[in-house]
Structure formats: structure tokens, C-alpha cells
Amino acid sequence: MNRRVVRGVSELYTPFDRVEDAAFVVDDGRYAWVGPAAALPADYAGWPTIDLGGSAVIPGLVDSHTHLVWAGSRVDEYVRRSAGVTYQEIAAEGGGILATVEATRAMSDAGLMMLARRRAAAFQRGGVTALEVKSGYGLTTEHELRMLQAARRLGEDGPLRVTTTLLAHLPDPAEDRERFLDRFVSETLPEAARQRLADAVDVFIEDGAFTLAEGRRVLEAALELGLPVKAHAEQFSNSGAAKLVAELGGLSADHLERATPEDLEALAAAGSVATLLPLAALLLRAPLPQAAQLRASGVKVAIASDHNPGSSPLFGLLPALQLAGVATGLTVHETLVAGTANAADALGRPDWGRVQAGAAADYLVVNGAEALLPLYTWGQPSIKEMVIGGQTVWRAEG
Ligand code: NIG
Ligand code: FE
């Protein structure tokens, strides 16, 4: 049976609290009890016990913003950008997101699935136990649904937990703008909802993508269908998208490079998460909100990989947490919270990303006695075992 006591935990981050010499109880894939080993209730005395022998434990990492399903490559753009050509200049030439749309539409379902699986495996090796996957490189209803199906299937195949998001990324240049939007809200969105392919809806509100009014239309249509909302907000310009997310009680506003203190306060007041995507900010040379400002606003901060072929070709979450720490001034502990519990909240899954009674038993056994070691070793995950729903998913050899 899937029930046991885990002890011999030198240090545990729940992630909010640090517990020394900890123990926890897993029952049917969830934590039944968590605390100092000395306080373990006698009721669990006869339960099967695993002794970690002084290893540390942290919650499984949660990546709350990825564009994992895509085909093609944009290494050419990456190289050109390194020589000074801008992301917007490339987009204006019909490259950028549209280049990936073309390659993704041309790829078979099986091909998309294989690519997504390979990428997911890399995230898993790096400690990610749950991730969000967006559509957005299809644009037509047929191709958006194909992307969502691949994402959904990835979660069904397991062991990674996956949430899916329908993303209104760009108006399709092949279609009249007004017609594209009408179709998106009257066909793509309801069809994704009907087939239960989308757990949330996202819209890219930016010059060159959707206006604030168009974004509102997409998100309001989603809410009417009972789907939670979020937005790519304030990436290159301040459009009011973060305040829109707050007004609509959305899950999160993501990017926020150009967010104002008022935007962060509005998100905080609404209980919406502010999601930072550090590699996209660094590669596109945009500023990141700073720790003092984030703390003063009281907003809940998540940090995500934004894995995508253009602005963030990043295959893991730990490097995003590490980069964000350096670039914003958030503490190592704050970045761990941002990559676990807060990220889970941004997915509407407050039962993920934390080691506490009632939550899903998704955790990482650290390759050492100090729980924050994986955030210290760049390029070397320092994790020796991954557990999802109480089941070991992988264990490092040796
Ligand atoms: O989150 N901001 C818009 N979308 C993606 C980039 C997508 C791409 O370049 O392919 C992002 O950064
Ligand atoms: Fe994104």
C-alpha cells in the first residue's frame, strides 16, 4: 500500500518553513502529517518507514509558464539577436512566433508529442514535478486544439503533472483581425472548453499582438465558460494588462518587465500571482522587477522558465530560479517559494508545490544534507530522488 513514514530528513523546506530533523507521513499519494521527527504522532508507529539517512527534502518544483509544444528551431534568430537585431525586428519580418507557427502546423501529432516528451524529460531530470503547457503556435482552431491535445496527453501519460492553457498568442496574419478574434471566442475557446483540453486561458497583450480591449474580450469569454484566466502582461510596454488580470481575479500576470508598483499592488490586492520569466527578460534585455518593490507590494511571486523557442530556450526551472535571484535580489529561499508553492497557486493548484498535510506528495530528495543545495549548484541539479504522488519517479544511480 502507498502509505509510509519518511524520516531521517536533515532539513526540510515546506517551502515556507524550515524544519530541522523532519519527518512526514505519506498516505495514498498525499501528506498525512509533516513536522519535526520528535513530534511524530504515535499512531504512525507501526507504519512502513523509510529513513533518508540525513538527506534534505524540498517540494517538487512547479513550472507555471511554458510553451513546451513547438516544432522547428530559431537558432538563426538567437544568433542574429546576439549580434544586435531585436526580437521586434525579427517579428516584423514575419519571423519570431510566426516562424514557430509555421513549423508547428507542419509537424505531425506524433512528432509534436515526441518533441514535447523529450523536453518534459529534461524538466523532470531537473526537479520539475508539475508544469503548465500553453498552446499558441497553432492560431487556427484545428492547430490550437492539436497543441492542447499533445499537452493533455503528456499529463495523462505521466508521471509529470501537467496543466494546459489555451493561449491567444497573435492574430493570424492570414485572417482578418476582427474575424480572427470572433472565431477565437466563438469557436476555439468553446471547443477547447467542451473537450476539456484547457485548464486556463491566456492572452498576449502587447503592441504587435492583442490590444487591451481585445485581451479583455478573450479573457471575459473564458470566464463565461468557467475557465480561469491569465495574461502575458507588460513585457515590452505597459498596456494595463496586469490591472486587467487583477480586475478579473485572474490566476497570474506573467512577464511584468514594464510593470509599475501600482500594477504589482493591484495584483496583490486581487490575490493574483506575479510571474517573472527571467531568461526572457535577460535575453531581450528588459529590466526585471526588483525584490524591494515586489516585497513592498505584497504580491505573491512565481518564477517560471517560459520555455519557448524564441525568448527563452530554457530546459529546466532551477536555472530560472537561480537567474531570477541574481537579477531581482530575491533571496534563495524566496526563489524556492516562487518555484514551488507560489507557482502551484498560479496554476490554481494550491495542493501542489508544498510539503504539508493534505497536499500531493511530490518531493525531491536532495543529494546532501542542505535543502537549498540544488539552488546553489548551477548546471548540476543535486537531486537524488524524485517522488510524485508518493511514488518514486527516478533515483540517481550511485
Ligand atoms: O512568453 N511573449 C510572448 N510569447 C513568448 C515568446 C514566444 C516566442 O518567441 O516564440 C514569451 O516570451
Ligand atoms: Fe510566455
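Which is in contact with a strand residue (DSSP E or B) (Cβ under 9 Å, 6 or more places away or on another chain), more than 16 Å from ligand 2 (Cβ to nearest atom) and not assigned by TED's automatic domain parsing to the domain that holds V26, of A106, A120?
Testing whether each residue is in contact with a strand residue (DSSP E or B) (Cβ under 9 Å, 6 or more places away or on another chain), more than 16 Å from ligand 2 (Cβ to nearest atom) and not assigned by TED's automatic domain parsing to the domain that holds V26 leaves just A120.
Restricting attention to the stretch 381-393, which residues are farther than 11 Å from V57 by Cα and surrounded by 15 or more Cβ atoms within 10 Å (Cβ to Cβ)? Quick ask: steps written out before the conclusion?
Residues of the stretch 381-393 that are farther than 11 Å from V57 by Cα, as a first pass: 381-382, 388-393.
Within the stretch 381-393, P381, S382, I388, G389, G390, V393 meet the criteria.
Got at least one residue in the stretch 158-179 being out of contact with any Cys (no Cβ under 7 Å at 6 or more places or on another chain), outside any loop (DSSP other than H, G, I, E, B), closer than 23 Å to E206 by Cβ and basic (K, R)?
Among the residues of the stretch 158-179, at least one is out of contact with any Cys (no Cβ under 7 Å at 6 or more places or on another chain), outside any loop (DSSP other than H, G, I, E, B), closer than 23 Å to E206 by Cβ and basic (K, R), which makes the answer yes.
Residues being away from ligand 2 (no atom under 12 Å from the Cβ) and in a loop (DSSP other than H, G, I, E, B): count how many of those fall in the stretch 265-279. Talk me through it step by step, then tell me what you get.
First, the residues of the stretch 265-279 that are away from ligand 2 (no atom under 12 Å from the Cβ): 265-274, 278.
Those still in the list that are in a loop (DSSP other than H, G, I, E, B) too: 271-272.
Final tally of qualifying residues: 2.
Please pick out the residue among G155, G208 that is on the phi > 0 side of the Ramachandran plot and in the same structural domain as I97 (by TED's automatic domain parsing). So that I can check it myself, show each step before the final result.
On the way: G155 fails: on the phi > 0 side of the Ramachandran plot.
Unique residue meeting the criteria: G208.
Tally time: how many residues in the stretch 265-287 are away from ligand 1 (no atom under 13 Å from the Cβ) and buried (at least 24 other Cβ atoms within 10 Å of the Cβ)? If you could, list the steps in order and put the result at the bottom.
We begin by selecting, within the stretch 265-287, every residue away from ligand 1 (no atom under 13 Å from the Cβ); these are 265-274, 285, 287.
From the residues that got through so far, the ones that are buried (at least 24 other Cβ atoms within 10 Å of the Cβ) too are 267, 272-274.
Counting residues in the stretch 265-287 that are away from ligand 1 (no atom under 13 Å from the Cβ) and buried (at least 24 other Cβ atoms within 10 Å of the Cβ) gives 4.
Can you pull out the residues in the stretch 244-264 that are outside any loop (DSSP other than H, G, I, E, B) and surrounded by fewer than 18 Cβ atoms within 10 Å (Cβ to Cβ)? Before the answer, list the steps.
Here is the first cut: in the stretch 244-264, the ones outside any loop (DSSP other than H, G, I, E, B) are 244-247, 252-255, 261-264.
Hits for the stretch 244-264 are E247, P261, E262.
What pairs come out if I take residues in the stretch 257-284 that are assigned by TED's automatic domain parsing to the domain that holds V326 and pair them with residues that are within 12 Å of ligand 1 (Cβ to nearest atom) and part of a helix (DSSP H, G or I) whose C-beta lies under 9 Å away, six or more apart or interchain?
Short answer, once both residue conditions are applied: E257/A280; E257/A281; D263/A241; L283/Y78; L283/R81; L283/Y87; L284/R81; L284/Y87.
Find the residue count for the stretch 109-148, including only residues that are of a type in the set (D, E, K, R), part of a helix (DSSP H, G or I) and closer than 23 Å to G339 by Cβ.
Step one: of the stretch 109-148, the residues of a type in the set (D, E, K, R) are 109, 117-119, 125, 132, 134, 142, 144, 146.
In the following step, the residues that additionally are part of a helix (DSSP H, G or I) were identified as 109, 117-119, 125, 142, 144, 146.
Pick out the ones that are also closer than 23 Å to G339 by Cβ and you get 117-119, 125.
Summing the residues that are of a type in the set (D, E, K, R), part of a helix (DSSP H, G or I) and closer than 23 Å to G339 by Cβ in the stretch 109-148 gives 4.
Mind listing whichever residues of the stretch 151-168 are farther than 14 Å from V62 by Cα and surrounded by fewer than 24 Cβ atoms within 10 Å (Cβ to Cβ)?
So the first thing to find is which residues in the stretch 151-168 are farther than 14 Å from V62 by Cα, and the list is 151-154, 156-158, 165-168.
Once the filter is applied, which keeps residues that are farther than 14 Å from V62 by Cα and surrounded by fewer than 24 Cβ atoms within 10 Å (Cβ to Cβ), the stretch 151-168 yields R152, R153, L154, E156, D157, G158.
Go over the candidates A361, A344 one by one and state the one that is under 23 Å from A270 (Cα atoms), in contact (Cβ under 8 Å) with a residue 12 or more places away in the chain, small (G, A, S) and in contact with a strand residue (DSSP E or B) (Cβ under 8 Å, 6 or more places away or on another chain).
On the way: A361 fails: under 23 Å from A270 (Cα atoms).
Checking each option against the conditions leaves just A344.
Within the stretch 289-313, how many residues turn out to be away from ligand 1 (no atom under 12 Å from the Cβ) and surrounded by fewer than 24 Cβ atoms within 10 Å (Cβ to Cβ)?
Within the stretch 289-313, residues that are away from ligand 1 (no atom under 12 Å from the Cβ) and surrounded by fewer than 24 Cβ atoms within 10 Å (Cβ to Cβ) number 9.
Given the criterion more than 16 Å from ligand 1 (Cβ to nearest atom) and touching a residue at least 40 places away in the same chain (Cβ under 8 Å), identify the matching residue among L170, L197, L181, L131. Before you say what the answer is, go through the steps one by one.
Values: L170 fails: more than 16 Å from ligand 1 (Cβ to nearest atom); L181 fails: touching a residue at least 40 places away in the same chain (Cβ under 8 Å); L131 fails: more than 16 Å from ligand 1 (Cβ to nearest atom).
L197 is the lone residue from the list that is more than 16 Å from ligand 1 (Cβ to nearest atom) and touching a residue at least 40 places away in the same chain (Cβ under 8 Å).
With respect to G215, is the statement that it is crowded, with 23+ Cβ neighbours inside 10 Å and either more than 16 Å from ligand 2 (Cβ to nearest atom) or in the same structural domain as L276 (by TED's automatic domain parsing) (or both) true?
Values: crowded, with 23+ Cβ neighbours inside 10 Å: yes; either more than 16 Å from ligand 2 (Cβ to nearest atom) or in the same structural domain as L276 (by TED's automatic domain parsing) (or both): yes.
Against the criterion (crowded, with 23+ Cβ neighbours inside 10 Å and either more than 16 Å from ligand 2 (Cβ to nearest atom) or in the same structural domain as L276 (by TED's automatic domain parsing) (or both)), G215 qualifies.
Cβ contacts < 6 Å: first residue under 29 Å from R152 (Cβ atoms), restricted to the stretch 68-91; second residue hydroxyl-bearing (S, T, Y), any location; separation 6+ or different chain. Result?
Partner pairs satisfying both residue conditions: W70/T100; W70/T104; W70/Y137; A71/T104; G72/T100.
Residues are listed down the side, and each one gets a yes or a no for (1) more than 30 Å from V5 (Cβ to Cβ); (2) more than 16 Å from the chain's Cα centre (by Cα):
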position: G60; (1), (2): no, no
position: H65; (1), (2): yes, no
position: W70; (1), (2): yes, yes
position: R81; (1), (2): yes, yes
position: T100; (1), (2): yes, yes
position: A110; (1), (2): yes, yes
position: L115; (1), (2): yes, yes
position: Q124; (1), (2): no, no
position: G127; (1), (2): no, no
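Restricting to the stretch 220-243, and then to whatever is more than 16 Å from ligand 1 (Cβ to nearest atom) and assigned to a helix (DSSP H, G or I), can you tell me which residue is farthest from A200 (Cα to Cα)?
K243
Hey, could you check the stretch 341-380 for residues that are of a type in the set (D, E) and in contact with a Lys or Arg (Cβ under 9 Å, 6 or more places away or on another chain) and say which is surrounded by the most Cβ atoms within 10 Å (Cβ to Cβ)? Working first, answer last.
Initially, the stretch 341-380 is screened for residues of a type in the set (D, E), giving 345, 351, 362, 370.
From the residues that got through so far, the ones that are in contact with a Lys or Arg (Cβ under 9 Å, 6 or more places away or on another chain) too are 345, 351, 362.
Numbers: D345: 22, D351: 13, D362: 32.
Ranking the candidates gives D362 first.
Residues in the stretch 195-212: is at least one assigned to a helix (DSSP H, G or I) and among the acidic types (D, E)? Steps first, please.
Narrowing the stretch 195-212 to residues assigned to a helix (DSSP H, G or I): 212.
Checking which are among the acidic types (D, E) leaves us with none.
No, every residue in the stretch 195-212 fails to be assigned to a helix (DSSP H, G or I) and among the acidic types (D, E).
Regarding V69, is this residue closer than 26 Å to V229 by Cα and either within 10 Å of ligand 1 (Cβ to nearest atom) or at pLDDT 95 or above (or both)? Can you show your working first?
Numbers: closer than 26 Å to V229 by Cα: yes; either within 10 Å of ligand 1 (Cβ to nearest atom) or at pLDDT 95 or above (or both): yes.
Yes: the conditions hold for V69.
Is the stretch 129-147 home to any residue that is surrounded by fewer than 16 Cβ atoms within 10 Å (Cβ to Cβ), over 20 Å from A103 (Cβ atoms) and at pLDDT 95 or above? Step through it out loud before you land on a result.
Step one: filter the stretch 129-147 for residues surrounded by fewer than 16 Cβ atoms within 10 Å (Cβ to Cβ), giving 142.
With the extra rule that they be over 20 Å from A103 (Cβ atoms), the set shrinks to none.
Checked against the condition, which is being surrounded by fewer than 16 Cβ atoms within 10 Å (Cβ to Cβ), over 20 Å from A103 (Cβ atoms) and at pLDDT 95 or above, the stretch 129-147 yields no hits at all.
Could you tell me whether D263 is acidic (D, E), closer than 27 Å to T86 by Cβ and under 18 Å from the mean Cα position of the chain (by Cα)? Quick ask: steps written out before the conclusion?
Details: acidic (D, E): yes; closer than 27 Å to T86 by Cβ: yes; under 18 Å from the mean Cα position of the chain (by Cα): no.
No: the conditions fail for D263.
The values are calculated or read from the model by the stated rules, or taken from the named source; none is laboratory data. A quick note: this is a predicted structure, and the numbers were derived from the prediction, not measured. No Cβ is skipped: glycine too gets one built from the backbone with ideal geometry, and neighbour counts run over all protein chains shown.
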